[in-house]
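Inspection log for the structure reproduced underneath, given as structure tokens.
Every number here is computed from the coordinates shown, using simple stated rules; none is lab data. In this text the structure is predicted, and so the values were computed from the model without any measurement. Quick reminder, even Gly has a Cβ in these numbers, built from the backbone with ideal geometry, and neighbours come from all protein chains shown.
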Amino acid sequence: MQFSGRRKKLIGNFQNDLYDQCLQFYGQPPLENISLTEFETFAVERLKLLKTVENVGVSCVKNSEQYTKKLDAEISSLNFPHRGGISEYEKRRKDHISHFILRLAYCQTEDLRRWFIQQEMDLFRYRFNCLHSKHKTDFLHKNNLKYETVSAEEKKNLKDKLIASSYGLSGTKVEEHDVYKVPFQDALDLVRTRKVYLLAGNAYIPHHEIVTIVLNDFRTRLSKALAMTARSLPAVQSDERLQPLLSHLSHAYVGQDYSIQKNIGKISLEQIDALSGKSFPLCMRHLHKALRENHHLRHGGRMQYGLFLKGIGLTLEQALQFWRSEFVKGKVDADKFDKAYAYSVRHMFGKEGKRTDYTPYSCMKVILSNPPSQGDYHGCPFRHSDPELLKQKLQNYKVSPSGINQVCPTTSTHLTRFSTVCVKGFLKLNLVEDAGFSLNHPNQYFTESQKFLSGGRDIKKEVDMSQRSQENPASVTHPSQANSKQAHEEMGDLDSFFQDE
Amino acid sequence: MSTSDYDPACLPDLLPIYYRRLFFPFSQYYRWLSYGGVSKNYFQNREFSFTLKDDIYVRYQSFTSQNELENEMQKMVPNKIDIGAVYSHRPSQHNAVKSGTFQALEKELVFDIDMTDYDDVRCCCSAADICSKCWTLMNIAIRILDRALREDFGFHHLLWVYLGRRGVHCWVCDDAARKLSVAARSAVAEYLSLVKGGEETVRKVVLSDPIHPFIKLPLFLLVILSVVERYFQQYTIVDQDILGSKESVDKVLALLPEDIKKDLAVSYKDEKDPMKQWDQLCDLVERKKSNSRKGGQYFDKEIMLQYCYPRLDVNVSKGVNHLLKSPFSVHPKTGRISVPIDLKELNTFDPFEVPTISLICEELERPRADEAEEDDKKDKENEQEAGERHRIRDYKRTSLAKYVKVFDWFLEAMARSRKGEMLKKSDLQMDF
């Protein structure tokens, strides 16, 4: 993208051709001058749009009515190109330019790139699916996406197999529409979920599924483009008009990653058992318990729990001591620990190998990647546990029966609601109505819980008579700085009521 | 063949013999990992890792030639050898490379099947033990995965290796497989995974899809079930006796919805024959399905898959730089050599017949006159040096021979296929 003073005269026709399609692949950067105001506005509005894409994708099932309605509304209100229309030129121009500006802001780190690609893909998928079938085909042609189609004869031979492998495919559809044959590496999403017929390394995609392939293409191109953008970034960043804006854009919308621990060394190992009862989210409590009971955790568990501990402030020395003392109680002697497991603890703290300082896992990461299998204790209990076992576990942690019913996800609970359910657990455990935060990271749970327990926030208490068999801890209403110590002590009584045995 | 002779304490004495008297098939090993020399420095840039005496673990080992590999292994006498990825530079020099440019480029697509992952569904053994009954699980796993990798994904060169105790590996060595990205490996592994969930999950196989209910079973499931059904009755009902005790019946019932559970509890009071009990279960499921307006609910198939379908460790398959135990390694606890499995003889493969290192060292001492004659003849046609001739004779005198042969066939198939590819390429390049 050129920010020099070069003026390019754009001919009227050229303008129209440039933006004759509602949807584009962002292959060519825009070549014109714009004002700084426009630059900033476009960028911020696209960022708002992408943030909406993310939120809507997390709270609704993708492509459901709710999802469509919300996204539609946002796209209209922010003035982005919609479902094709005659006077969309300005909107398409904005779409084009804003995308390229955000590339500058989001190309710098792996995490930023991943986030940007994910939201752009979701947005693209949504807009592609909105296109009329004819326009879809037009798009493929216009963008030179030549996917190999299956001959009529081959289609006939494979018809039954195709129908038996793809949902929503009928005999007539197979006959009338194209079926595409692509190497399976280009259709990974369909392969992974077994939604496609595979033969000898090729995936046979019916026309209505072609969006997945296009998306794959989109992802690959965008990924490469971002890598290239990162290389030319220094030149852009040297422009003082742009540098502050770009840096603001990339920091504004990605959540805290808990990699820089503000509390290093403030936690002692003796506190961990107590803390696990009070301030650990259920997943970490579960892991801690398993570690204490079995004196061992498998790799997935060590990573999830170990990084969490790092995030709450454990130093490397403490971590080594913690893991060693536990493992040594089991089948591992101190020597073996030093040889086999110490390496991986140091690795977590960035002292080995690539020296990457690994960041504690966010809820999404825990929920979506590396599902636990036999012998594992990691993962998100609200996602990965059997409902019955989860109920039992909550009972063991002395959550009240009404609390349990509210907390246990029903089978129809959408995948991404588990963080919300975990927060409900926090509410029930601490007898509050409003946690005051929406959860997306286990360390966030810990921080918020610690804040709450030390009286650092206003809280609304829920009166649950059945639980208050002892003194009246309900007198804590709005702890101020002066009362925080008192509040803490009263909280202590309540907490011991909920401790594990 | 008594393998109770193996004593782990003897391993340090036996390993040098294993590596020196060339049980370890160095030339085939080198041939394998060079892949015909098509890619420059493919062998030289391959990472190996060794586990030495006292559990010392060294990574980033690499070798410039077969000779160097032999010499180093004979010098270091590793207890365990792992194979890693082919990198952009020689792994042994990775520290000298500018940071960020040393990268894993290619590696075989690998799968790891470990019997302990089935502990919740086998009652004959647990943890590190296996027996002929639960070996059937491996048989099923190998069949299903081998078929899927060949027919669905179009791979041709698969090396299945028995690890010596309770697991098998599959090395997919096709060109295309070695070039797969992390995302692609992960997708293949997911495609092949049907059993999901850890300690906390009771029902690990769920076939119905609430978003896209299917009227009849999709194709890939029919294919899988055709294999599982062949073994299910004998293996699960009889050998594992899953309907034999109250405890095991309860485990099965836990996988069913309440109404079927209730009906079965009633009918199981009278019917005690496990085969018939299973039939009753299937009938009830069938009846419920045909009465239901929702899509098919295949509880009986789910049970079959939960008890029999292969359980992979997806993490092993995902990473390009993942280090995996090498074929022809020695298992330190059992002493068995990690040998290739001949799939043509899969039904008769007996893991307890796989030779141990102590056995083959013992066999080495026994003179075998008839074998010696045959080999002398072959040597005359052989153009290799005397030393190697002598060494080849060594392993051929032992029980290891037939397994090395399987490896030879595997290598020959790859060589033929490479030749075919080159001919195709040269044909295309001819300008007529």
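Sticking with the crude label model, points 7 Å out along Cα→Cβ, report the distance from A:Glu65 to B:Asp7 in nm, one decimal please. Going by the 7 Å Cα→Cβ label model, 7.8 nm.
In terms of its C-alpha gyration tensor, the range A:40-146 has a rounded overall shape, because the principal axis ratio a/c (a ≥ b ≥ c, square roots of the eigenvalues) stays below 1.5. Positive end of the dipole of the range A:144-209 (Cβ unit charges, origin at the Cα centre): among A:Pro206, A:Leu188, A:His177, the Cα lying farthest that way belongs to A:Leu188. Take each residue in A:364-375, count the other chain C-beta atoms within 10 Å of its C-beta, and the mean is 4. In chain B the Cα-Cα distances spread across 10 Å bins starting at 0 as 4, 18, 26, 23, 15, 9, 4, 0 percent of all pairs.
Checking the Cα-Cα distances for B:Lys40/B:Lys425; B:Lys246/B:Lys272; A:Lys278/B:Lys204 against a 21 Å cut-off, the pairs over it are A:Lys278/B:Lys204.
Shielding value for B:191-199 is 6, the average number of Cβ atoms from other chains within 10 Å of each residue's Cβ. Every Cα-Cα pair in the range B:159-265 was counted, and those over 22 Å apart are 56% of them. Subtracting the Cα-Cα distance of B:Asp241 and B:Ser39 from their residue separation scaled by 0.36 nm leaves 67.5 nm. Using a cut-off of under 18 Å, list every residue of the range B:76-108 whose amide N is near the label point 7 Å from the Cα of A:Ala227 along the Cα-to-beta-carbon line. Label zone hits: B:86-89, B:98-107. For the range A:86-141, a/c is not less than 1.5, where a ≥ b ≥ c are the root eigenvalues of the C-alpha gyration tensor, and a/b does not top b/c. That puts it in the oblate class. Measuring against 21 Å, Cα to Cα, the residue pairs B:Lys196/B:Lys301; A:Lys289/B:Lys251; A:Lys289/B:Lys318 contain A:Lys289/B:Lys251; A:Lys289/B:Lys318 as the ones spanning a longer distance. To the nearest 0.05, how large is the calculated FRET efficiency for B:Asn315 and A:Lys266 if R₀ is 45 Å and r is the Cβ-Cβ distance? FRET efficiency, B:Asn315 to A:Lys266: 0.85. Computed about the Cα centre, the dipole magnitude for the range B:280-360 is approximately 500 debye when only Lys and Arg (+1) and Asp and Glu (-1) carry charge, each at its Cβ. Take each residue of peptide B:173-185, count the partner chain Cβ atoms within 10 Å of its Cβ, and average: the result is 2.
Its alpha carbons considered, the range A:89-202 gives a radius of gyration followed by a Dmax of 17.8, 50 Å. Report, by chain and number, residues whose modeled amide H sits under 5 Å from the one on B:Tyr60, excluding near sequence neighbours (fewer than 5 apart, same chain). Here B:Phe48 satisfy the definition. Put a plus charge on the Cβ of each Lys and Arg, a minus charge on the Cβ of each Asp and Glu, and nothing anywhere else: the dipole of chain B about its Cα centre is then about 1080 debye.
Prolate is the label for the range A:145-219, because a/c, from the alpha-carbon gyration tensor with a ≥ b ≥ c as root eigenvalues, is 1.5 or above and a/b exceeds b/c. Cross-link check: pairs A:Lys336/A:Lys393; B:Lys75/B:Lys179; A:Lys173/B:Lys288; A:Lys62/A:Lys136; A:Lys336/B:Lys325 evaluated at a Cα-Cα cut-off of 26 Å; pairs beyond the cut-off: A:Lys336/A:Lys393; B:Lys75/B:Lys179; A:Lys173/B:Lys288. Based on the Kirkwood approach, the hydrodynamic radius assigned to the range B:99-230 is 16.9 Å, with every pair of different Cα atoms included. Reducing the range B:15-69 and the range B:139-155 to their Cα centroids gives an inter-centroid distance of 28 Å. Measuring between their Cα centroids, the range A:185-211 and the range A:108-138 lie 18 Å from each other.
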